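Any read-out appearing in this document is the output of simple, stated calculations on the displayed coordinates, not a laboratory observation. Because the structure is a prediction, the values reported are computed rather than measured. Every residue, glycine among them, receives a Cβ derived from its backbone with ideal geometry; neighbour counts consider all protein chains shown.
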Amino acid sequence: MAYQTILYDVADKILTITLNRPEKLNAFTPTMQRELIDAFDRADKDDGVRAIIVTGAGRAFCAGADLSSGADTFDRDARRGPVKRHADGRVDYSDPQVRDGGGQVTLRIFKSLKPVIAAVNGPAVGIGVTMQLAMDIRIASEAARFGFVFSQRGIVPEAASSWFLPRLVGISQALEWCYTGRVFPAQEALAGRLVSRLVPPDDLLPTARALAREIAEKTAPVSIALIRQMMWRMMGADDPMEAHKIDSRGIYARGRSDDVKEGVVSFLEKRPAQFKNTVTADMPDYFPWWDERDYR
């Protein structure tokens, strides 16, 4: 796919996805939605990509949904045509046309097999902040600003943020930000644990790249893919036994792998490890464990 609204650049095993509508503050559009999903599909299939950074071009990360349609911006019937309805006139909410586009992006990021770092260079509002919630680490410029502005637009939070946000920052902080809809500075985002660190604007991408490089150069890609899914999916588990089941499968399957032999021997020999197993060819047979169709 040729991209119109994002840039896709791989260097040193690090993919940088740049939201690229700087003249519109990288406002989110259906085209950007499709392109982001394609970019994450593409990254998962490329063993040359070991970590992903997402950032914005120009002075914003993403100013939220493109509001150029005015009052019809969030009216799906007006923009896409009427959705399906039942015989009694009620909306058929199973119609794919009803699905939230931002949520389709965050669900795709959630399934990523590569670690994802948000490098928040400027304002991140609406979908500009909720798309980050499925990313693993958020590093922000001191010039960044954030806003869960949905209540001030008469709409509700989207992009599955009612699942992600309370898990990341706690229910009280999540509700305060969503109730008020205010735009707040990077310092408040740090205090509320939305981001893990703040850096001067010129240090943002170098800091994100240094972290991505540490992952890319020193770790086993299959281990990273499994760790990412284990951590995210266990956030919804109802008992630690569920984690024990997956831990046990992982320790057994990976314990017999060439990567583990290399990891141990390289440590004993005091040299960098050379991990050979790949995400495209060597994921264990119990993966993905959350899909009953794939249980063995």
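Summary of values
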| item | result |
| --- | --- |
| For the stretch 219-294: relative contact order, % (alpha-carbon pairs under 8 angstrom, 6 or more apart) | 37 percent |
| Rg(Cα)/(2.2 N^0.38 Å) for the chain, N = residue count | 1.07 |
| Calculated over the stretch 154-259: convex hull of Cα atoms, volume per residue (Å³) | 137 Å³ |
| Helix-only CD estimate at 222 nm, as mean residue ellipticity for the chain, using -39500 (n - 2.57) per DSSP H run (n ≥ 4) | -11500 deg cm²/dmol |
| C-alpha long axis of helix 101-110 to longest principal axis of the chain, angle in ° | 10 degrees |
| Phi to ³J(HN,Hα) by Karplus 6.51 cos²θ - 1.76 cosθ + 1.60 over the stretch 219-236, Hz, x for Gly, Pro | 10, 8, x, 5, 4, 4, 4, 5, 4, 4, 6, 4, 5, 5, 6, 6, 5, x |
| Spin-label pair T31/H244, simplified geometry with 7 Å Cα→Cβ offset, distance in nm | 5.4 nm |
| Space enclosed by the convex hull of the alpha-carbon atoms of the stretch 111-152, per residue, Å³ | 61 Å³ |
| Lysines with Cα under 25 Å of K276, excluding same-chain neighbours fewer than 8 positions away | K13, K45, K111, K114, K218, K261 |
| Fluctuation leader among Y252, Y93, Y286 - the chain, Gaussian network, Cα springs under 10 angstrom | Y93 |
| At 1.306 mPa s and 10 °C, Stokes diffusion of the stretch 219-294 via Kirkwood alpha-carbon radius, µm² per second | 118 µm²/s |
| In degrees, nearest ten, helix 204-218 long axis to first principal axis of the chain (Cα) | 30 degrees |
| The stretch 132-206: GluC sites (Glu not before Pro) in DSSP coil with no more than 15 other Cβ atoms inside 10 Å | E142 |
| Degrees between helix 258-268 axis and first principal axis of the chain (Cα, 0 to 90, nearest 10) | 70 degrees |
| Ranking of F74, F110 by count of other Cβ atoms within 10 Å, fewest first | F74, F110 |
